[in-house]
Amino acid sequence: MTENYFELFGLAPSFNIELATFENNFRKIQSASHPDRFVTGTAAEKLSAMQLATLANEAYQTLKSPANRAKYLLELQGIKAISETNTAMPTDFLMQQMEWREALEDAKAAKDIVALEQLHAEIQLEGKALHANLVDLLDIKKDYSTATDTTRKLIFIDKVCADINKAIEHLDN
Amino acid sequence: MALLQISEPGMSAAPHEHKLAVGIDLGTTNSLVATVRSGLSHVLGDEHGHTLLPSVVHYAENGVVVVGTEAQKKQNSDPHNTIVSVKRFMGRGLKDIDTTQLPYHFAEQAGMLQIETRAGIKSPVEVSAEILKVLKARAEEALGGELIGAVITVPAYFDDAQRQATKDAARLAGLNVFRLLNEPTAAAVAYGLDNASEGVYVIYDLGGGTFDVSILQLSKGVFEVLATNGDSALGGDDFDHRIYCWILETAKLSPRNAHDTRLLMSKSREAKEWLTAHAETQISCLMSDGEFVNLTISCEQFTALTANLVQKTLSPIRKAMRDAGLSIENIDGVVMVGGATRMPQIQQVVAEYFKQTPLTNLDPDKVVALGAAIQANVLAGNKSDDELLLLDVIPLSLGLETFGGLAEKVIHRNSTLPVARAQEFTTYKDGQTAMSIHVVQGERELVSDCRSLARFDLRGIPPMVAGAARIRVTFTVDADGLLSVSAREISSNVEAHIAVKPSYGLSEDEITNMLKASFNSAEADKSARMLTEARVSAGAIISAVNAALEADSALINKDQVSAIQDEIKRLAAICTTDDTDAIHAGVETLNHATEEFAAVRMNASVSRALAGKALDEIKL
């Protein structure tokens, strides 16, 4: 059984994936391997269904998220985007991070859900711009070093967005 | 009258034969059983044609267990021995429940709460099993045969302990559980297939005791849950309770005995139902001390009394929408499920929130059971060309206790099932051979704010210096949403032994004892039954493996084929003996012998599914 998520989905390893094919193939794989298909099957059949369906879900989650997809593509190149020895960030991005964090803290303190939602939308937009860069860096230029920096930014953006959602949820309770 | 052809159980002749499978909605207030006949899902009725079975169990003085409408009649006269809304107790401890308004005597003990009745101490699992037994009997009577399996619905927001308790109850009732299915997903299946819907749908499911919201993407027979949320302690019962409190307050009643409490709760419930279609209602009843209560409540008063309960359902909706990354414009329809959604104030708030009229064209009491029956029919294999596929999610994150009482998330909520995650641990003392792992479920950061699921003791770690051992613990959540854990020490490849202590569940021993107690037959009957069951399962695996060989023996080499055939012959030979244990062992051996074949077949079928891709091209 292949461990390569792109191969599993019948896709070429690239950042820019054909979303419709990706979604369709995921459903085809699940249709063939989901444990629901083997409810009356043997224990051996149930086991392999469980294993394949779990792998397909893991692969789907990884490739669906642009940050994780980029991280995974780099891993296939033997590059760890996030590691203890690889934490450098350009100064301007660090400044921006700090601004976002401050805005998050301010909105949290003011219990301002609308401000949090706006911040979330703004950062998401920033992330979308990075996606376009990654297509260029990973698929065309194969500039893995710059792509690693960009991926790290994207991972960071996802993390801030998750924290904003957590803050909104906290205020909502 | 035509003669029925009866075959040995499990040895059923024709493959095209319709297999008997049902969907069961085990509800807080009412339970239902449904099945698919001639391609259509039907709810099955009792001998009087009643389809809703009140989820009430009465332990009568003559030792008989009464379930349903007859039991309901006893709730005022014998409240201690008449258990209503038992679903609220499933997988729950005493401290989770507000017991002040409940007429029961609870047994003092840790873990899942227990109720003292005249028939002895009863676990909620046993009480639920009584309801399931009645539904099973109803279905077998109506369908004229033994069921091969059932799909049982649970609230999407049920945690692991509540799900496990439900599955245990089904086992006690003698049901083969095909799948635990989330109630909103079941409703989506019934609704989606009925209306040939495509797009993004929200299922708003307010039952007697639980609230769920699920957001699903419906596309070509695939029902993919994008996010789910809810409140497993909010339901129609709470609306009754608001009226009850209002009566006490308005009539200036002193605290009541169990009988009066029950009576007032029944009156509150009637008032709630009446107010669905009327502007006001009168509540009058005679208390046990002779005091007469006579009050009038209007629709506006009721709406005001319950406004914050209705509002309470909006927070889970917002969470689910955020998790799915959707906004209100993305929603193609909102389907209302559960009897409580008949209340006009609920429909109004939902309509305001989603800016569209909610869909109420299916019977909110039956839609869950109907959907479960459709899924049961597919799982039984009655429709081979069916496109129906349900992809559901885990409702609450799973985590581990780490230093300082913090919960570290291992599997995040709304992950598609089945899902597995591995986590590595190390020892912290030299020569340490055991460690304790505490698994919790919930979104909060502190372990004390999450739900304790189980404690695992890992033993048999080879002694090493502190920090040298690498123990890989794998958490697997299956399609029922149930967790299992395995552990292995990586450097020595030693499988660590796991002792599971469920925090609110029943241990395997307890279940076995309950099952034994439920066989009131003689010892000889019991072993005869076990032998028959062993032979049935052996017959089932032999025919399954034979069918697999017939279809796909080309996928493996001749030696592998004959090795499997030898095991089949060996098992068939053992089946002619009366040795139950040997038959079980033979089944196990045959299973093991076919593991590789099963994996190869699975890969081949995935390759076939990805159209246009040759086998070797995909290299599965």
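The values are calculated or read from the model by the stated rules, or taken from the named source; none is laboratory data. Owing to the predicted nature of the structure, the values given are computational and were not obtained by experimental measurement. Cβ coordinates were reconstructed from backbone atoms using ideal geometry, including for glycine residues, and neighbour counts include every protein chain displayed. Side chains included, ligands, DNA and RNA excluded: accessible areas come from the protein's heavy atoms. Shrake-Rupley method; radii C 1.70, N 1.55, O 1.52, S 1.80 Å.
How big is the Cα convex hull of region A:5-64 in projection, averaged over all directions, in nm²? Present the calculation step by step, with values, prior to reporting the outcome.
On the way: hull surface 15.1 nm².
Approximately 3.8 nm², given one-decimal rounding.
Would you tally the net charge around residue B:124, using a Cβ to Cβ cut-off of less than 9 Å, leaving residue B:124 out, and scoring K and R as +1, D and E as -1?
Numbers: positive: B:87, B:88, B:92, B:122; negative: B:126.
Its environment carries a net charge of +3.
What net charge is computed for the residues neighbouring residue B:59, neighbours being all others with C-beta under 13 Å from the C-beta of residue B:59, Lys and Arg scored +1, Asp and Glu -1? Each step should come with its number before you reach the end.
Working: positive: B:74, B:118, B:122; negative: B:61, B:70, B:78, B:116, B:126, B:130.
Around residue B:59, the charge tally is -3.
What does the convex hull of the Cα atoms come to per residue for the protein assembly as shown, in Å³?
Details: hull volume 158.0 nm³, N = 793.
Given the Cα convex hull of the protein assembly as shown, per-residue volume reads 199 Å³.
Note down, for region B:39-187, the three equivalent ellipsoid semi-axes (square root of 5 times each alpha carbon gyration tensor eigenvalue), biggest first, whole angstrom.
26, 20, 13
For the charge dipole of region B:398-513, defined by +1 on Lys and Arg C-beta atoms and -1 on Asp and Glu C-beta atoms about the Cα centroid, which residue among B:512, B:435, B:417 has the Cα displaced farthest towards the positive pole?
B:435
Taking a cut-off of 13 Å, what percent of all Cα-Cα pairs in region B:236-309 are separated by more than that? Don't skip to the end; give the middle numbers.
Working: 1677 of 2701 pairs.
Above the 13 Å cut-off, region B:236-309 has 62 percent of its Cα pairs.
Straight distance only, please: which aspartates and glutamates reach the Cα of residue B:526 with their own Cα at less than 15 Å, same-chain residues fewer than 8 apart left out?
B:578, B:579, B:581
Helix B:258-275 sits at what angle to the longest principal axis of chain B, using alpha carbons and giving 0 to 90 degrees rounded to 10?
That works out to roughly 90 degrees.
Using 28 Å as the Cα-Cα cut-off, could you pick out the over-long pairs in A:159/B:95; B:87/B:319; A:80/B:429? Working shown, then result.
Numbers: A:159/B:95 36 Å; B:87/B:319 25 Å; A:80/B:429 31 Å.
Correct reply: A:159/B:95; A:80/B:429.
Taking 8 Å as the Cα distance limit and 6 or more residues as the minimum spacing, I'd like the relative contact order of region A:5-64 as a percentage. Please report the intermediate quantities before stating the final value.
Details: 38 pairs, mean separation 20.6, N = 60.
It comes to 34 percent, rounded to a whole number.
Dipole magnitude of region B:398-513 about its Cα centre, charges +1 at Lys/Arg Cβ and -1 at Asp/Glu Cβ only, in debye to the nearest 20? Don't jump to the answer; show the numbers that get you there.
Details: 12 positive and 15 negative charges, 56 e Å.
Rounded to the nearest 20 debye, it is 260 debye.
If you consider only alpha-carbon coordinates, what radius of gyration and Dmax does region B:368-414 have, in Å?
So, for region B:368-414, Rg and Dmax equal 17.9, 53 Å respectively.
Can you tell me the dipole magnitude for chain B around its Cα centre, using point charges on the Cβ only (Lys, Arg +1; Asp, Glu -1), in Debye to the nearest 20? Could the numbers behind the result be given before it?
Details: 56 positive and 79 negative charges, 138 e Å.
It works out to roughly 660 debye.
Can you list the residues, at least 5 places off or on another chain, whose amide H is less than 5 Å from the amide H of residue B:503, using H built in the peptide plane?
B:454, B:455
Give the residue from A:131, A:16, A:53 lying farthest towards the positive end of the charge dipole for chain A; charges sit on Cβ (+1 for Lys and Arg, -1 for Asp and Glu) and the dipole is referred to the Cα centre.
Positive-end residue among those listed: A:53.
Considering chain B, what Rg and Dmax in Å follow from its alpha-carbon atoms?
Computed over the Cα atoms of chain B, radius of gyration and Dmax are 26.2, 86 Å.
Within region B:255-270, which residues have the backbone N less than 14 Å from the label spot 7 Å out from residue B:285 along Cα→beta-carbon, could you tell me?
Answer for region B:255-270: B:256-270.
Around residue B:149, which amide H atoms from residues at least 5 apart in sequence, or from another chain, sit under 5 Å from its own amide H, with H modelled in the peptide plane?
The answer is B:22.
Report the rotationally averaged projected area of region B:156-276 based on its alpha-carbon convex hull, in square nanometres.
Values: hull surface 42.5 nm².
Dividing the Cα hull surface by four gives the mean projection, 10.6 nm².
Between the helical axis of B:299-312 and the dominant principal axis of chain B, each derived from Cα atoms, what acute angle in degrees is found, rounded to the nearest 10?
30
Using the heavy atoms of the protein chains and a 1.4 angstrom probe, tell me the accessible area per residue for the protein assembly as shown in square angstrom. It would help to have the intermediate numbers written out before the result.
On the way: 36190 Å² over 793 residues.
So the protein assembly as shown comes to 46 Å² accessible per residue, rounded to a whole number.
So what is the relative contact order of region B:236-309, in percent, for Cα pairs below 8 Å that sit 6 or more residues apart? Mind dumping the intermediate values first?
On the way: 70 pairs, mean separation 23.1, N = 74.
Computed over region B:236-309, the figure is 31 percent.
Could you name the aspartates and glutamates whose alpha carbon sits less than 13 Å from that of residue A:71, not counting residues in the same chain fewer than 8 places away?
Reachable aspartates and glutamates: A:149, A:158.
Using a 1.4 angstrom probe on the protein heavy atoms only, could you order B:157, B:428 from most to least accessible area?
If we order B:157, B:428 from most to least accessible, we get B:428, B:157.
For chain A, take the longest principal axis of its alpha carbons; what is the angle in degrees between that and the long axis of helix A:43-64, to the nearest 10 within 0 to 90?
Taking the Cα atoms of chain A, the angle to A:43-64 is about 30 degrees.
Using 22 Å as the Cα-Cα cut-off, could you pick out the over-long pairs in B:73/B:133; B:73/B:267; A:28/A:141? Provide the component values of the computation, followed by the final result.
Details: B:73/B:133 20 Å; B:73/B:267 13 Å; A:28/A:141 33 Å.
Correct reply: A:28/A:141.
So for chain B, taking the charge dipole from beta-carbon charges (+1 Lys/Arg, -1 Asp/Glu), which of B:577, B:555, B:268 sits furthest toward the positive end?
Selected residue: B:268.
Report the net charge of residues surrounding residue B:20, where surrounding means a beta-carbon distance below 15 angstrom and charges are Lys +1, Arg +1, Asp -1, Glu -1.
Numbers: positive: B:19, B:37, B:136, B:138, B:383; negative: B:17, B:140, B:141, B:146.
Result for the neighbourhood of residue B:20: +1.
Carbon and sulfur atoms: what percent of the 1.4 Å accessible area of region B:520-618 do they account for?
Carbon plus sulfur share of accessible area: 53 percent.
At a 1.4 Å probe radius, which order do B:403, B:292 fall into by accessible area, largest first?
Numbers: B:403 175, B:292 125 Å².
Highest to lowest solvent-accessible surface, that is B:403, B:292.
Whole-Hz ³J(HN,Hα) for each residue in region B:563-570, computed from phi via Karplus 6.51 cos²θ - 1.76 cosθ + 1.60 with θ = phi - 60°, x for glycine and proline: what do you get?
Here the 3J(HN,Hα) series is 4, 5, 4, 4, 5, 4, 4, 4 Hz.
How many percent of the accessible area of region A:5-64 is carbon or sulfur, using a 1.4 Å probe? Could the numbers behind the result be given before it?
Details: 1080 of 2040 Å².
Here it works out to 53 percent.
Per residue and in cubic angstrom, what volume does the convex hull of the Cα atoms of region A:44-163 have? Let's see the in-between values first.
Working: hull volume 17.8 nm³, N = 120.
For region A:44-163, the hull spanned by Cα atoms encloses 148 Å³ per residue.
What is the magnitude of the charge dipole of the protein assembly as shown about its Cα centre, with +1 placed on the Cβ of each Lys and Arg, -1 on the Cβ of each Asp and Glu, and no other charges, expressed in debye to the nearest 20?
200
Please list, or write none, the aspartates and glutamates whose alpha carbon is within less than 17 Å of the alpha carbon of residue B:312, excluding same-chain residues fewer than 8 places away.
Within reach: A:169, A:172, B:205, B:212, B:231, B:237, B:238, B:240, B:352.
Give the Cα extents of region B:529-593 along the principal axes, in whole Å, largest first.
Principal extents (Cα only, largest first): 38, 17, 17 Å.
Restricting the calculation to Cα positions, tell me the Rg (one decimal) and the Dmax (whole number) of region B:398-513 in Å.
Spelled out, the Cα radius of gyration and Dmax of region B:398-513 are 14.6, 43 Å.
Give the relative contact order (percent, whole number) for region A:91-172; include only Cα pairs under 8 Å separated by 6+ residues.
Details: 42 pairs, mean separation 29.8, N = 82.
It comes to 36 percent, rounded to a whole number.
For the interface of chains B and A, what total accessible area is buried with a 1.4 Å probe, rounded to the nearest 100 Å²?
Working: alone 29620 and 10470 Å², together 36190 Å².
Approximately 3900 Å², summed over both chains.
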